[in-house]
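A.B. asks: Input: one structure, supplied below.
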Amino acid sequence: MNMKTNRLIHIEPVETIPVTCPGCAAALGTIDVQNLSQRRLWEREHAPLSIAQPTNPAIGAEAGLIRGACPACAVELAEFWITFYRDHGADEAPRLSLAMHGASFTAWALIEHQKNNWDVVEHVFGPILDEHAEAAFERIREILNDLPRPEAEAA
């Protein structure tokens, strides 16, 4: 998958990213490139969020908020995801990276994969304490235009 590069974002390929509770550091699961379904075992509810769409009409975007609680300490948690997609993806194994925006010091999981002939680039932020969710999403909105996304096909 060909993604636009951005000098503000450092991307480091990894096989797994451990997910821990920000309140008590208990293990909440693992983002594993071989088994992406195991990453949100603490999830209770899932709601869509509104974000600005990319200026290129060939690329779509969706965002959401996931809420749940730590099974160890019961602290309320929130996680955000933003997905960019475009049609005509080729079959390719998923890739997982740890990404960091150097100007804002924001770090997140970056998952690239193909799904039903779509190139998909998913950004996963969190989990964080739910009480900080509103401020965290405003910070994510500030870097939204910098986030890597699939390239549109050349004409």
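A.B. asks: At 0.36 nm per residue, minus the direct Cα-Cα distance, what do residue 75 and residue 14 gain on full extension? Give it in nm, one decimal, please.
C.D. replies: So the extension gain works out to 19.1 nm.
A.B. asks: Subtracting the Cα-Cα distance from 0.36 nm times the residue separation, let me have the gained length for residue 138 to residue 61 in nm, one decimal.
C.D. replies: 26.0 nm
A.B. asks: Okay, moving on. Looking at (i) 11.7; (ii) 13.1; (iii) 9.1, which value of mean projected area of the Cα convex hull in nm² comes from a calculation on the structure shown?
C.D. replies: Recomputing mean projected area of the Cα convex hull in nm² here gives the entry labelled (iii).
A.B. asks: Divide by every residue of the chain the summed helix terms, -39500 (n - 2.57) for each DSSP H run of at least 4, and state the resulting mean residue ellipticity at 222 nm, rounded to the nearest 500 deg cm²/dmol.
C.D. replies: Rounded to the nearest 500, the figure is -2000 deg cm²/dmol.
A.B. asks: Hey, what angle do you get for helix 133-143 against the long axis of the chain, alpha-carbon based, 0 to 90 degrees rounded to 10?
C.D. replies: That helix lies at roughly 20 degrees to the long axis.
A.B. asks: Next question, about the same structure. Evaluate the relative contact order of region 1-144 (contact order divided by residue number), counting alpha-carbon pairs under 8 angstrom at least 6 apart; express in whole percent.
C.D. replies: Rounded, it is 23 percent for region 1-144.
A.B. asks: If I take R0 = 25 Å and measure r between the Cβ atoms of residue 105 and residue 26 in this structure, what FRET efficiency does the formula 1/(1 + (r/R0)^6) give, to the nearest 0.05?
C.D. replies: Working from the Cβ atoms, E equals 0.55.
A.B. asks: If you stretched the chain out fully between residue 35 and residue 87, how much longer would it get, using 0.36 nm times the residue separation minus the C-alpha to C-alpha distance?
C.D. replies: Going from the current span to full extension adds 16.4 nm.
A.B. asks: Could you check the simple spin-label distance between residue 145 and residue 52, using points 7 Å along Cα→Cβ, in nm with one decimal?
C.D. replies: With each label point 7 Å from Cα toward Cβ, the separation is 0.6 nm.
A.B. asks: For a quick protection proxy, order the peptides 19-27, 49-57, 116-124 by their average other-Cβ count within 10 Å, most packed first.
C.D. replies: Numbers: 19-27: 15.4, 49-57: 11.7, 116-124: 18.6.
Ranked from most to least packed, the peptides come out as 116-124, 19-27, 49-57.
Since every read-out is calculated from the coordinates, none of them should be taken as a lab result. Only a predicted model underlies this, so the values are computations on that prediction, with no experimental measurement involved. Here Cβ is always computed from backbone atoms with ideal geometry, including for glycine, and neighbour counts include all displayed protein chains.
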